[in-house]
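Read through the structure below, which is laid out as C-alpha cells, and then see the notes.
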Amino acid sequence: MMDLAGNRSFAEALLDKILENHLKNLQLFLDAVGDYIQIIQMGGDLGTQNGPQIHPDLYYELIQPRQEILWQRIHQKKPDVAVFLHCCGAIYDLIPGIIDAGCDVLNPVQISAKGMDPKRLKQAFGDRLCFWGGGCDTQSILPFATPEEVYEHTLENIDIFKPGAGFVFCQVHNIQHNVPPENVVAMYEAVKDNWQY
C-alpha cells in the first residue's frame, strides 16, 4: 500500500505483472468453462468502514485502468458474462470508476459504511449496476436487533433496491456465529414476503 504512493514505478510494474498473470489465467479459465458461466467474480476490497483504503486519485490512476483492461477482456470474449466485484467498505467515490471499468455486479454493498446509504446508491447507480447484497446489515442489525427490527430493516432495503430490477438479495456479509437464529429467520421471512418483481 505504501508503494502506491512512495514507490510508484515499482507499484506500477507489480500491478502490470499481476494484470498480465490475470489475463493469462482468464484465457485458460474461459477456454475451459466459458460456455457454462454467467458471472465471473473478482475480488478486491477497496474500502474501510469510513472511506476508501487509498485516495481516490490513486485508484483512478493506478487500479481502475488495470481493472478496465481485465474486465473489458471478459466482455470482449464473453459478452453475456457479467463481471461481479466483491468489494467491501465505503467505496461510494470509487463506484463510477468501477462501473466505467466494466463491473456489472457489486457485492456485498456494505450499507453500514460511510456514504453507502441504500437510497443514495440506488438513485446514483441503480440503472448501471446490479446490487448483490445490501439486504440486511450484518454488523449491527442482524446480530443485535430484535427479530421484528430485522424484518423491518430487511423489508425496507428490499423496497429500496428492488424497483427497476438490478438487485439480488443477500445480507451484507457472512452470517456470524453470534447471530440469533430467529433473526436469520426474520430476515428470510422479509425476503419471502417481498421477493417478487
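What the table shows:
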read-out: Verdict on Asp16 being more than 19 Å from Cys103 (Cα to Cα), modelled with pLDDT under 95 and more than 19 Å from the chain's Cα centre (by Cα); value: no
read-out: Checking Ala124 against (1) over 25 Å from Ala11 (Cα atoms); (2) crowded, with 20+ Cβ neighbours inside 10 Å; (3) among the aliphatic types (A, V, I, L, M), the condition it does not meet; value: (2)
read-out: Some residue of the stretch 157-169 being at pLDDT 95 or above, aromatic (Phe, Trp, Tyr) and either surrounded by fewer than 17 Cβ atoms within 10 Å (Cβ to Cβ) or touching a His at 6+ places or on another chain (Cβ under 8 Å) (or both); value: no
read-out: Checking Leu85 against (1) surrounded by 17 or more Cβ atoms within 10 Å (Cβ to Cβ); (2) in a helix (DSSP H, G or I), the condition it does not meet; value: (2)
read-out: Residue in the stretch 64-72 that is within 30 Å of Ser140 (Cα to Cα), among the aliphatic types (A, V, I, L, M), at pLDDT 95 or above and crowded, with 16+ Cβ neighbours inside 10 Å present; value: no
read-out: Residues of the stretch 172-187 satisfying the condition of being surrounded by fewer than 23 Cβ atoms within 10 Å (Cβ to Cβ), of a type outside the set (Val, Ile, Thr) and under 17 Å from Pro108 (Cα atoms); value: His173, Asn174, Gln176
read-out: Condition check for Asp80: within 24 Å of Arg120 (Cα to Cα) and acidic (Asp, Glu); value: no
read-out: Meets criteria (of a type outside the set (A, V, I, L, M, F, W, C), surrounded by 14 or more Cβ atoms within 10 Å (Cβ to Cβ) and touching a residue at least 60 places away in the same chain (Cβ under 8 Å)) for Gly47; value: yes
read-out: Counted residues, the stretch 163-182 - those being farther than 21 Å from Ala113 by Cβ and not aliphatic (A, V, I, L, M); value: 6
read-out: First in the stretch 1-23 and surrounded by 12 or more Cβ atoms within 10 Å (Cβ to Cβ), second anywhere and aromatic (Phe, Trp, Tyr) and part of a helix (DSSP H, G or I), Cβ under 7 Å, 6 or more apart; value: Asp3/Phe10
read-out: Check on Ile95, within 11 Å of the chain's Cα centre (by Cα) and on the phi < 0 side of the Ramachandran plot; value: yes
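This table checks each residue for (1) touching a helix residue (DSSP H, G or I) at 6+ places or on another chain (Cβ under 7 Å); (2) farther than 21 Å from Asn107 by Cβ; (3) among the charged types (D, E, K, R).
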{"position": "Met2", "(1), (2), (3)": "no, yes, no"}
{"position": "Ala11", "(1), (2), (3)": "yes, yes, no"}
{"position": "Asn21", "(1), (2), (3)": "no, yes, no"}
{"position": "Gly43", "(1), (2), (3)": "no, no, no"}
{"position": "Gly51", "(1), (2), (3)": "no, no, no"}
{"position": "His55", "(1), (2), (3)": "no, yes, no"}
{"position": "Leu58", "(1), (2), (3)": "yes, yes, no"}
{"position": "Leu62", "(1), (2), (3)": "yes, yes, no"}
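The values are calculated or read from the model by the stated rules, or taken from the named source; none is laboratory data. None of these values were measured; they are calculated from a predicted model. All Cβ positions, glycine included, derive from the backbone under ideal geometry; neighbour counts span all protein chains shown.
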